[in-house]
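Since the structure comes first, as structure tokens, the remarks are kept for the end.
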Amino acid sequence: MAKRLNILLVGSGGREHALALRIAASPLTAKLIAAPGNVGIAEIAECVAITADDVPGLVTFAVDNSVDLVVVGPEVALVAGLADRLAEKGIKAFGPSAAAALLEGSKSFMKDIVAKYGIPTAAYARFRDGVAAKAYVAEQGVPIVIKADGLAAGKGVTIANTQAEAQAAIDEALVGGRFGAAGHEIVIEEFMAGEEASYFALVDGETVVPLGSAQDHKAVGDGDMGPNTGGMGAYSPAPVVTPALEQRILDEIVSPLARAMVAEGRPYRGVIFAGLMIVPTPDGPKPRLIEINVRFGDPECQVLLTRLETDPVTLMLATAEGKLADLPPARWRKEAALTVVLCAQGYPGTPVTGTEIKGLDDAASIDGVTVFHAGTGRAADGRLLATGGRVLNIVATGRDVAEAQARAYRAVDSIDWPGGFCRRDIGWRAIAREPVS
Ligand code: AMP
Ligand code: GLY
């Protein structure tokens with residue numbers, strides 16, 4: 001049997017709790033340590049108080065504690081070069097180099113690569129000058145999409161429906177400095193109409209291992225109303241991604257991108273999370289790329305891992321070692337998985353924290369249900385308190401999305417937390433497509 005590994009997991013959300021659960025259960029794991037982890041992760045791993053953006057702190061800890069593999073949840077450390085600094089010390093990382101993580105770190109870099117290699121995406125232009133940007137918008141017309149180039153915590157995108165909105169978004173980024181250095185350059189894009197879906201694949205060099213599709217719900221309110229959030233729920237697989245469409249996503253987007261990154265001297269190792277617009281055309285639905293993330297989605301990771309039967313550590317280690325091509329195909333459960341995100345009142349504005357949460361054991365005892373922590377803390381007397389905006393993820397499996405949804409909301413309803421709220425319609429697009437069973 002292979003040598004068992006000391007694994008350092010970087011991050012503190014529900015995504016990392018879901019990863020921790022599987023890493024802790026893997027026969028390949030000797031020891032799991034999380035930096036910084038959370039209340040749920042602390043039940044199954046050791047947690048150390050190093051944040052995900054502290055690259056030197058993470059590298060020093062990994063060296064001093066004989067870490068063999070670092071699994072990186074959030075993008076910030078990858079864009080800052082964590083995988084590169086670990087490689088210099090001979091430590092493996094699940095997550096791309098800084099040169100490859102630019103796919104998420106710079107929208108203009110991503111668009112230039114994608115355009116150069118003919119991958120379908122929105123037409124675009126890059127600007128540093130507000131006057132030129134406004135002239136372009138005047139010529140192109142609305143709706144049009146204005147994006148800060150760099151990482152902007154999900155807030156850097158404006159869909160402008162009028163020239164005035166577009167001009168205001170240009171000024172905010174280029175003149176007002178709303179996004180700091182991340183907004184000194186902007187990308188202005190064609191607006192694509194269609195249905196959004198996400199696709200995930202492991203990539204090492206030119207080898208691509210499909211992980212499947214998911215759909216999340218970004219708006220805070222039912223019916224996709226209200227401001228955008230980090231994600232209010234998700235499910236996998238997404239029925240809009242039919243087997244034929246999945247093949248097109250792999251053939252027209254993911255595999256060409258993997259080859260492009262090799263050709264550019266920036267081979268990609270890690271998970272690719274492609275945000276897609278499924279655009280109706282006379283020849284049927286066509287996938288077009290919106291964005292690339294260089295990490296698992298949160299909460300998409302929670303549903304993907306729930307469906308994955310194969311040990312994820314085997315897959316992540318092979319990705320990190322460049323040996324994905326040697327693995328047998330991954331095995332998946334037939335069920336659908338759905339997650340509902342429970343948030344503190346006030347989110348996505350300032351959340352009300354410190355409220356008490358009860359009833360998690362009842363929720364977790366429901367068939368097919370798992371509860372992941374994201375923004376929780378313990379009071380001195382052991383009571384569970386909300387400490388952030390997105391607080392808990394309730395994940396459920398089912399024969400189809402409808403059954404998974406019913407179980408997830410049964411679990412939600414057994415949780416006693418007056419200070420929290422959630423959307424009640426997670427999965428509606430999928431359920432509308434499913435035959436009534
Ligand atoms: P991003 O931060 O790039 O994921 O963009 C946030 C959201 O803006 C996406 O999930 C889409 O809903 C929307 N969006 C971004 N780019 C486009 C586009 N070119 N056309 C239509 N919608 C877009
Ligand atoms: N749920 C979207 C993301 O993780 O970016």
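Points worth noting:
- Within the stretch 175-193, being touching a strand residue (DSSP E or B) at 6+ places or on another chain (Cβ under 7 Å), under 15 Å from D129 (Cα atoms) and free of Cβ contacts under 8 Å to residues at least 60 places away in the same chain holds for A182, G183.
- Here L276 passes the criteria (1) within 21 Å of P74 (Cβ to Cβ); (2) within 16 Å of ligand 2 (Cβ to nearest atom) except the one numbered (1).
- Flag if L78 is over 20 Å from E300 (Cα atoms) and buried (at least 23 other Cβ atoms within 10 Å of the Cβ): no
- Meets criteria (within 16 Å of ligand 2 (Cβ to nearest atom) and surrounded by 15 or more Cβ atoms within 10 Å (Cβ to Cβ)) for V137: no
- For the stretch 103-125, the set of residues classified as near ligand 1 (Cβ under 10 Å from one of its atoms), part of a helix (DSSP H, G or I) and hydrophobic (A, V, I, L, M, F, W, C) consists of M110 only.
- Pairs where the first residue, in the stretch 149-174, is within 16 Å of E190 (Cβ to Cβ) and the second is within 16 Å of ligand 2 (Cβ to nearest atom), C-beta under 8 Å, 6+ apart: V157/K147; V157/A148; T158/K147
- Any hit, the stretch 133-143, residues being within 11 Å of ligand 1 (Cβ to nearest atom) and modelled with pLDDT of 95 or more: yes
- Boolean, K111 is touching a residue at least 24 places away in the same chain (Cβ under 8 Å), within 16 Å of ligand 2 (Cβ to nearest atom) and more than 30 Å from A364 (Cβ to Cβ): no
- When the stretch 285-312 is filtered for residues that are within 16 Å of ligand 2 (Cβ to nearest atom) and in a strand (DSSP E or B), the ones remaining, listed by number, are L289, I290, E291, I292, N293.
- Residue tally, condition more than 9 Å from ligand 1 (Cβ to nearest atom), of a type outside the set (A, V, I, L, M) and under 23 Å from G150 (Cβ atoms), over the stretch 186-197: 0
- Annotation note: Cβ proximity below 8 Å between a residue of the stretch 296-307 that is among the acidic types (D, E) and a residue that is within 16 Å of ligand 1 (Cβ to nearest atom) and part of a helix (DSSP H, G or I) (sequence gap 6+ or interchain) occurs for no pair.
- Annotation note: of L360, L392, the sole residue that is of a type in the set (A, V, I, L, M) and out of contact with any Phe, Trp or Tyr (no Cβ under 8 Å at 6 or more places or on another chain) is L360.
- Residue within the stretch 221-230 that is crowded, with 17+ Cβ neighbours inside 10 Å, closer than 23 Å to L305 by Cα and not polar (S, T, N, Q) present: yes
- Whichever residue in the stretch 404-422 is charged (D, E, K, R) and out of contact with any strand residue (DSSP E or B) (no Cβ under 6 Å at 6 or more places or on another chain) and, among such residues, is farthest from Q345 (Cα to Cα): R410
- Condition check for S213: within 13 Å of ligand 1 (Cβ to nearest atom), surrounded by 19 or more Cβ atoms within 10 Å (Cβ to Cβ) and either of a type in the set (G, A, S) or closer than 19 Å to R331 by Cα (or both): no
- Single unsatisfied condition, Y409 versus (1) closer than 26 Å to V241 by Cα; (2) among the aromatic types (F, W, Y); (3) in a loop (DSSP other than H, G, I, E, B): (3)
- Residue match in the stretch 164-187 (condition: at pLDDT 95 or above, surrounded by 15 or more Cβ atoms within 10 Å (Cβ to Cβ) and either part of a strand (DSSP E or B) or away from ligand 2 (no atom under 14 Å from the Cβ) (or both)): no
- Among the residues listed as A330, A374, A325, the single one being within 30 Å of L86 (Cα to Cα), in contact with a helix residue (DSSP H, G or I) (Cβ under 7 Å, 6 or more places away or on another chain) and surrounded by fewer than 19 Cβ atoms within 10 Å (Cβ to Cβ): A330
- From the list P348, P282, the lone residue that is modelled with pLDDT under 95, surrounded by fewer than 24 Cβ atoms within 10 Å (Cβ to Cβ) and within 16 Å of ligand 2 (Cβ to nearest atom) is P348.
- Search result, residues across the stretch 259-279 that are surrounded by fewer than 21 Cβ atoms within 10 Å (Cβ to Cβ) and more than 16 Å from ligand 1 (Cβ to nearest atom): R259, A260, V262, A263, E264, G265, R266, P267
- Qualifying residues in the stretch 209-266 (those that are assigned to a strand (DSSP E or B) and of a type in the set (S, T, N, Q)) - the one modelled with the lowest pLDDT: N228
The values are calculated or read from the model by the stated rules, or taken from the named source; none is laboratory data. What you see is a predicted model, and the numbers here were worked out from it, not measured in a lab. Neighbour counts run over all protein chains shown; Cβ positions are idealised from the backbone, glycine included.
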